[in-house]
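First up is the structure itself, then whatever we jot down about it.
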Amino acid sequence: MSLTAPDPHVVTVDLGTRSYDVHVGAGVRDRLGSVLPEGARRAAVVTQGDIGWTVDSGLEQSVFTVPDGEEAKSLAEVERLCREMSEAGLTRSDVVVAVGGGVVTDVAGFAAAVYHRGMRYVSVPTTLLAQVDAAIGGKTGVNLPEGKNLVGAFWQPHAVLCDTEVLATLPPAEMRSGQGELAKYHFLTGDDLDVLDLTERIAAAVRIKADVVAADEREGGRRAILNYGHTLAHAIETAGRYDLRHGEAVAVGLIYAAEVAARMGRIDTDRVAEHRRVVTGYGLPVRLPAMLDDDDALLALFGRDKKAVDGLTLILDSDRGVEPVVGVPEAVLRDALAAVR
Ligand code: GLY
């Protein structure tokens with residue numbers, strides 16, 4: 001795969017009749033009017049109070065605000081949103097425009113998937129995390145008290161505008177959260193992301209994700225590699241009740257996955273060192289928080305990861321690249337935990 005394309009800032013997610021473009025670059029939110037679906041008369045702009053960015057669809061537009069934080073990812077919030085859209089008279093031929101981080105794109109995308117049995121939506125992700133992950137690939141949904149993202153739909157956007165200008169005002173903690181996902185992309189292909197500036201790196205990450213999604217939209221197999229580093233990350237987030245930023249948890253999870261792979265003879269020590277170099281290069285942690293000192297509790301949480309498809313499946317690196325591996329010995333899982341303490 002080449003990192004350069006005819007226009008390095010427009011990446012197509014190739015899904016046949018549901019294909020769409022992801023625009024990456026400073027000021028691309030101003031392209032909104034030109035990427036709206038044909039025939040849309042009104043826009044439902046869904047956003048959060050603290051975003052600080054607005055968009056002009058050029059259509060008659062109503063603004064709907066969802067509360068801040070992960071708590072907004074609930075069925076109650078989707079119901080409230082759909083009822084407000086109904087009161088405003090929006091129909092299937094109109095368009096939802098999601099402006100915000102992953103919470104907004106997940107909730108608004110899911111509302112778009114179910115309102116009037118499906119309406120079109122455009123995402124304008126305003127965090128690094130959403131630009132390189134959440135807003136790309138059509139996973140939409142909300143949490144249940146029983147777990148994250150347990151209710152949702154694969155519902156592809158009509159277009160995505162990743163405006164890098166909005167990242168300049170992103171709080172450092174939010175930036176770190178996205179950098180964990182960005183670090184992940186260093187290991188999914190043989191491409192050298194180190195040589196790229198931030199905008200090009202985001203575009204490269206989007207291109208990698210677009211290729212994976214195009215090959216396996218509904219996560220029948222290959223798409224699972226996007227969860228590289230996420231088994232320990234999800235356990236950390238659950239055990240720590242989301243105290244650690246997602247990207248920081250993924251960062252530790254990447255190191256852990258490398259340590260597991262090394263113990264299974266899948267990669268050598270140089271490759272483990274490469275993981276540490278990339279993660280520390282983003283200023284991200286390589287060790288578990290001290291409070292998470294119970295290996296048994298963490299291992300129990302591995303088993304509850306909803307991505308576990310057949311016993312415990314871990315995404316691990318190898319000479320062939322990153323791939324799902326079933327049946328990693330428990331002794332290896334335990335021993336590798338010591339390497340991230
Ligand atoms: N965030 C993982 C995926 O989109 O499949």
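Each reported figure results from applying straightforward, stated rules to the coordinates on display, with no laboratory input. What you see is a predicted model; the values in this text were computed from it and never measured. Cβ sites come from the backbone with ideal geometry, for glycine too, and all protein chains shown count toward neighbours.
For the range 173-185, the Karplus equation 6.51 cos²θ - 1.76 cosθ + 1.60, evaluated at θ = phi - 60°, returns couplings of 5, 5, 5, 4, 4, x, 5, x, 5, 4, 4, 4, 5 Hz by residue, with Gly and Pro reported as x.
Using the Kirkwood radius built from alpha carbon pairs, what does the Stokes-Einstein equation give as D for the range 232-283 at 25 °C and 0.890 mPa s, in µm² per second? Kindly include the intermediate steps, with their values, before the conclusion.
Numbers: Rh = 11.4 Å.
So the translational diffusion coefficient is about 215 µm²/s.
Set the Cα radius of gyration of the range 136-191 against 2.2 N^0.38 Å, with N its number of residues, and you get 1.44.
Dividing the alpha-carbon Rg of the range 31-98 by 2.2 N^0.38 Å yields what?
My calculation over the Cα atoms of the range 31-98 gives 1.13.
Any idea what the relative contact order of the range 71-206 is, in percent, if you count C-alpha pairs under 8 Å spaced at least 6 apart? The value is 22 percent.
Placing +1 on the Cβ of every Lys and Arg and -1 on the Cβ of every Asp and Glu, with no other charges, gives the chain a dipole of roughly 540 debye about its Cα centre.
With both residues required to sit in the chain, DSSP beta bridges show an antiparallel share near 35%. With 20 Å bins beginning at zero, the pair-distance distribution over Cα atoms of the chain amounts to 32, 57, 10, 0 %. With the convex hull drawn around the C-alpha atoms of the range 1-126, the volume per residue stands at 125 Å³. Over the range 108-255, the Kirkwood radius and the radius of gyration, each from Cα atoms, give a ratio Rg/Rh of 0.95. Pairwise inverse Cα distances across the range 92-181, averaged and inverted, put the Kirkwood hydrodynamic radius at 13.2 Å. Ranked for footprinting exposure by Cβ neighbours inside 10 Å, fewest first, Cys162, Cys82 give Cys82, Cys162.
When Met85, Met175, Met264 are arranged by Cβ crowding within 10 Å, least crowded first, meaning fewest neighbours, the order is Met264, Met175, Met85. Of the beta bridges in the range 73-175, as assigned by DSSP with both residues counted there, near 40 percent are antiparallel. If you plug the beta carbon distance of Ala215 and Leu299 into 1/(1 + (r/R0)^6) with R0 = 25 Å, you get a FRET efficiency near 0.20.
I need to check one value: relative contact order of the range 206-289, counting alpha carbon pairs closer than 8 Å and at least 6 residues apart, in percent.
Relative contact order, the range 206-289: 22 percent.
Relative to the dominant Cα principal axis of the chain, helix 295-304 is inclined by about 40°. Only helices enter the 222 nm calculation for the chain: every DSSP H run of n ≥ 4 contributes -39,500 (n - 2.57), and dividing by all residues gives -11500 deg cm²/dmol, rounded to 500. Seen against the Cα atoms of the chain and their longest principal axis, helix 102-114 is set at about 60 degrees. Shown for Ser123, Ser62: other C-beta atoms within 10 Å of each C-beta, ranked fewest to most, produce the order Ser62, Ser123. Over the range 75-122, the fraction of Cα-Cα pairs per 5 Å bin, rounded to whole percents and listed from the shortest bin up, is 5, 25, 36, 27, 8, 0.
Could you work out how far apart the two model spin labels at Leu198 and Ser19 are, taking each label as a point 7 Å from the Cα in the direction of the beta carbon, and quote it in nm? If labels sit at Leu198 and Ser19, their model points lie 3.1 nm apart. Ranked by the mean number of other Cβ atoms within 10 Å of their residues, highest first, the peptides 177-189, 220-232 fall in the order 177-189, 220-232.
Below 8 Å between Cα atoms, with a sequence gap of 6+, how large is the relative contact order for the chain in percent? Relative contact order here is 15 percent. Semi-axes of the equivalent ellipsoid for the range 182-225, computed as √(5λ) from the eigenvalues of its C-alpha gyration tensor and ordered from largest down, come to 21, 10, 7 Å. Axis of helix 246-263 versus longest Cα principal axis of the chain: the two differ by about 40°, to the nearest ten degrees.
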